[in-house]
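Working notes for the structure below.
Only the coordinates and a few stated rules stand behind these numbers; no lab work does. What you see is a predicted model, and the numbers here were worked out from it, not measured in a lab. Glycine also receives a Cβ, built like all others from the backbone with ideal geometry; neighbour counts cover every protein chain displayed.
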Amino acid sequence: WPFYAPLIFEINRLKKEKDAVILAHNYQTPQIYHGVADIVGDSLQLAIEATKVKQSVIVQCGVHFMAETSKLLNPEKTVLIPDSRAGCSLASSITADDVLMMKAKYPGVPVVTYVNTSAAVKAVTDVCCTSSNALDIVNRVEGDTVIMIPDQYLAQNTAKKTGKKVITWAGACEVHETFTAEDISELRHAYPTAKIIAHPECPPEVIDAVDFAGSTAAMIDWVKTTKPPRVVMVTECSMSDNVASETTGVDFLRGCNICPHMKRINLENVLWSLHTMTEEVTVPEGIIPPARLAVERMIEMSR
Ligand code: 13P
Ligand code: SF4
C-alpha cells in the first residue's frame, strides 16, 4: 500500500480537477476498489448508479461492455476506460447478426440479453438482464418461452428455477466455466467447515453443489450478513480480497480464478486515463437509442 499511495493520491486529485467519477466493478483490485473508486458494485448496481452521475466524466474501472453501458445511459458525458482491450469472453461470443439469426429462427420469442454483451447486440434485443435479476426478468417477459443469450450457464441455471422454456446460446465466461463439481468436492474435503459460494456463470453442477449462488454483490452481502467463520468464494480472486478488508471474523480461503480482462485495469492506467482523457468509449449514434432502451427496460423491471 505505501507504494500505491502516490498514485492513489494523484488519481483522487485529478478526479476533482477533471470533474470525474470512478465506477469500479467488484472484480477490481483492492487498490482500485478501496483506493480510488467512488462507486463500487455489481453490473446492475453500476448501471443504476451510472444514471445518477453528476460529474461530466465517468472513468469505468471494469470491462468494455460496462463502459459501453455507462455511455448508453449518459450519451452526453465523456466515458473513459483505462484500457479498451479489457473485453469479456461472453461479450465476444455473440454478434448482432447471430441474434438476428436466432430471432428469425424463433419469431416472436422475447430475447433476454445478459449485460455482458456489446451495445450492438443489446440494440437488437428486447431487454437486458444481469446475474442479480435474470430470474425476475425471464419471469416477467411475456410468453412461456424466452431466448436467453449469450451465457449458456446463466441461462441453464435460470431455466432450473423458471417454469419457462429457455433457448440458450453457447457462450461462457472463461473465468467461471472452468470450475467443476469435482473442484467443489475437493474444496469440501480440504475445508470441511467452510461455506462455499459461487457466481451463477458457473456450470449448473457447480451451482447445485454450493451453499449459495448469486451476483457479485449478492455474494458480498451473503458473506457480510451470514458471517460464516470460513468461506470460499468460487469466482474472481479480487472478490475475497475486497470483502476481507471490510469484514472481521471471516476466514477467506482460496478457490478462485483471475479474470485477465478485469486485471487490465490498474492504478497506472487509471492515472494515465485521467491525465490524457483517454480512452474514450463511443457508441454509434444509431445504436444508442435501441441499446439504451434494452438497458432501461431492465432497470425499470428490476425496481
Ligand atoms: P455481476 O453482475 O455479478 O457483477 O457479474 C459480472 C461479471 O462479469 C461476472 O463475471
Ligand atoms: Fe467476462 Fe467472465 Fe471476466 Fe466477468 S469474469 S468480465 S463474465 S470474462
How many nm separate the modelled label positions at residue 170 and residue 145, each set 7 Å beyond the Cα in the direction of the Cβ?
2.1 nm
For region 242-303, what class follows from the C-alpha gyration tensor (a ≥ b ≥ c being the square roots of its eigenvalues): rounded when a/c is under 1.5, otherwise prolate if a/b is larger than b/c, else oblate?
oblate
Treat the count of other C-beta atoms within 10 Å as a stand-in for reagent exposure and order 132, 56 from fewest to most.
56, 132
Fluctuation leader among 158, 29, 225 - the chain, Gaussian network, Cα springs under 10 angstrom:
225
Loop only by DSSP, 10 or fewer other Cβ within 10 Å of the Cβ. Give me the GluC sites (Glu not before Pro) in region 1-105 that pass, ordered by residue number.
76
Built amide H within the under 5 Å cut-off of residue 21, gap 5+
57, 58, 59
Quick calc: nm separation of the 7 Å Cα→Cβ label points for residue 38 and residue 180 -> 4.6 nm
Everything considered on the Cα gyration tensor (a ≥ b ≥ c; rounded for a/c under 1.5, else prolate if a/b is larger than b/c, else oblate), region 178-303 must be described as prolate
Given pairs 54/263; 77/160; 77/164 and cut-off 31 Å on Cα-Cα distance, the over-length ones are 77/160; 77/164
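For region 181-253, rounded, prolate or oblate, judged on the Cα gyration tensor with a ≥ b ≥ c (square roots of eigenvalues), a/c < 1.5 rounded, else prolate if a/b > b/c? Kindly include the intermediate steps, with their values, before the conclusion.
Values: a/c = 1.88, a/b = 1.30, b/c = 1.45.
Taking the square roots of the gyration eigenvalues as a ≥ b ≥ c, region 181-253 is oblate.
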Hypothetical label at residue 51: residues of region 267-303 whose amide nitrogen lies under 13 Å (7 Å Cα-Cβ projection):
292-303
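Which of 292, 13, 140 comes first, and how do the rest follow, when ranked by fewest Cβ neighbours within 10 Å? Kindly include the intermediate steps, with their values, before the conclusion.
On the way: 292 20, 13 11, 140 15.
In increasing order of surrounding Cβ atoms, one gets 13, 140, 292.
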Can you list the residues, at least 5 places off or on another chain, whose amide H is less than 5 Å from the amide H of residue 177, using H built in the peptide plane?
none
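Counting pairs of alpha carbon atoms under 8 Å apart in space and at least six apart in sequence, what relative contact order in percent does region 181-253 give?
Normalised by residue count, the contact order of region 181-253 is 29 percent.
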May I ask which residue of 121, 50, 29 lies farthest towards the positive end of the charge dipole of region 1-140, with charges of +1 (Lys, Arg) and -1 (Asp, Glu) on Cβ and the Cα centre as origin?
50
Charge dipole magnitude, Cβ of K and R +1, D and E -1 - region 181-253, Cα centre, debye nearest 20:
360 debye
Across region 207-214, in residue order, what do the Karplus-derived ³J(HN,Hα) couplings come to in whole Hz, using 6.51 cos²θ - 1.76 cosθ + 1.60 with θ = phi - 60° and x for Gly and Pro?
4, 5, 8, 9, 7, 7, 10, x
Point-charge dipole on Cβ atoms (K/R +1, D/E -1) for the chain, about Cα centre, debye to 20
500 debye
Viscosity 1.567 mPa s, temperature 4 °C: give me the Stokes-Einstein translational D for region 16-154 in µm²/s, with Rh taken as the Kirkwood radius over C-alpha pairs.
82 µm²/s
Value of D in µm² per second that Stokes-Einstein yields for the chain, Kirkwood Rh from Cα pairs, at 4 °C (1.567 mPa s):
66 µm²/s
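Working out 0.36 nm times the residue gap between residue 85 and residue 258, then minus their Cα-Cα distance, what length gain in nm do you get to one decimal? Mind dumping the intermediate values first?
Working: separation 173, 0.36 × 173 = 62.28 nm, distance 1.61 nm.
Using 0.36 nm per residue and subtracting the Cα-Cα distance, I get 60.7 nm.
Under 8 Å for C-alpha pairs, at least 6 residues apart: give me the relative contact order for region 169-303, rounded to a whole percent. Please list the in-between numbers first.
On the way: 141 pairs, mean separation 25.1, N = 135.
Answer for region 169-303 is 19 percent.
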Amide H partners (placed H, <5 Å) of residue 127, local residues excluded
111, 113
Ranked by Cβ crowding within 10 angstrom, fewest neighbours first, how are 129, 259, 237 ordered?
237, 259, 129
